[in-house]
Amino acid sequence: MTLKAKLLFAALLFLAVSVGAPVLYNHWAGGLIQKGVKQSDDAWGLKVKDQMLDAAKKLAVATEEKNRAEAELRDFKAKQEKNDVENKNVAADYKRLLRDAAGSAGRLRDPNAAGCGPGGDNVQGQGGTSNGNRAEDGAKTGGLLSKELSGLLQRLFSEADDINNAYASCRPDSLNLRAVINGEARN
């Protein structure tokens, strides 16, 4: 081989190495990078899948707790409505008894007043000699409340019953809410 051929061969070899080595290196390194990215993507993908499964489990638990709480609330509401109806019926019964006690004149009698009931000067079995217990006698009658006072008392009794019913209705709800806020279990 001649010197010229040797120089040409060396130049071509140098050119091939200087151009080919980076190309080969980039190809090799690019493969490694792609492999690393794929492995990284696979690892992240597995982590994301794990997180999604964990989130699905937590969602199922939270949904179950929500459904249980809603069922308890529906039961509580139904019981409270039943209690409210019973309380209103009791109040209506007492209002009826109060109206009945007022009699046809619409006036209440004081059971502790001296003029109430039959007179003490009669023989047993006979009516009293006093006319003092008739509704027509008005303010002169001992133990009989005036029509205005009877009406006032009836109205106040009715308002008190309404207030008591409202309190009886709200109290269990208030106690239950306080228990929930304080994190206590309440039935």
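Yes or no: segment 35-43 includes at least one residue that is surrounded by 10 or more Cβ atoms within 10 Å (Cβ to Cβ) and within 23 Å of the chain's Cα centre (by Cα).
no
Within segment 44-67, which residues are within 40 Å of the chain's Cα centre (by Cα) and of a type outside the set (A, V, I, L, M, F, W, C)?
Within segment 44-67, Lys47, Lys49, Asp50, Gln51, Asp54, Lys57, Lys58, Thr63, Glu64, Glu65, Lys66, Asn67 meet the criteria.
Are there any pairs with C-beta distances below 7 angstrom linking a residue in segment 37-49 that is part of a helix (DSSP H, G or I) to a residue that is exposed (fewer than 10 other Cβ atoms within 10 Å of the Cβ) and of a type in the set (Asp, Glu), with the two at least 6 apart or on different chains, and if so which?
none
Which of the residues that make up segment 23-69 are among the basic types (Lys, Arg) and over 27 Å from Val180 (Cβ atoms)?
Lys35, Lys38, Lys47, Lys49
Looking at (1) of a type in the set (S, T, N, Q); (2) surrounded by 13 or more Cβ atoms within 10 Å (Cβ to Cβ); (3) modelled with pLDDT of 80 or more, find the lone condition where Gln51 falls short.
Failed condition: (2).
Exactly one condition in (1) more than 27 Å from the chain's Cα centre (by Cα); (2) over 26 Å from Ala160 (Cβ atoms); (3) of a type outside the set (Asp, Glu) is false for Ala78; which is it?
Unmet for Ala78, out of (1) more than 27 Å from the chain's Cα centre (by Cα); (2) over 26 Å from Ala160 (Cβ atoms); (3) of a type outside the set (Asp, Glu): (1).
Can you tell me which residue is surrounded by the most Cβ atoms within 10 Å (Cβ to Cβ) among those in segment 143-179 that are over 24 Å from Asp93 (Cα atoms) and at pLDDT 80 or above?
Asn176
Looking at (1) in contact (Cβ under 8 Å) with a residue 40 or more places away in the chain; (2) farther than 30 Å from Asp161 by Cβ, which is the one condition that is false for Leu98?
Condition not satisfied by Leu98: (2).
The values are calculated or read from the model by the stated rules, or taken from the named source; none is laboratory data. For clarity, every value in this text was computed on a predicted model and none was experimentally measured. Cβ atoms come from the backbone with ideal geometry, glycine included; neighbour counts cover every protein chain shown.
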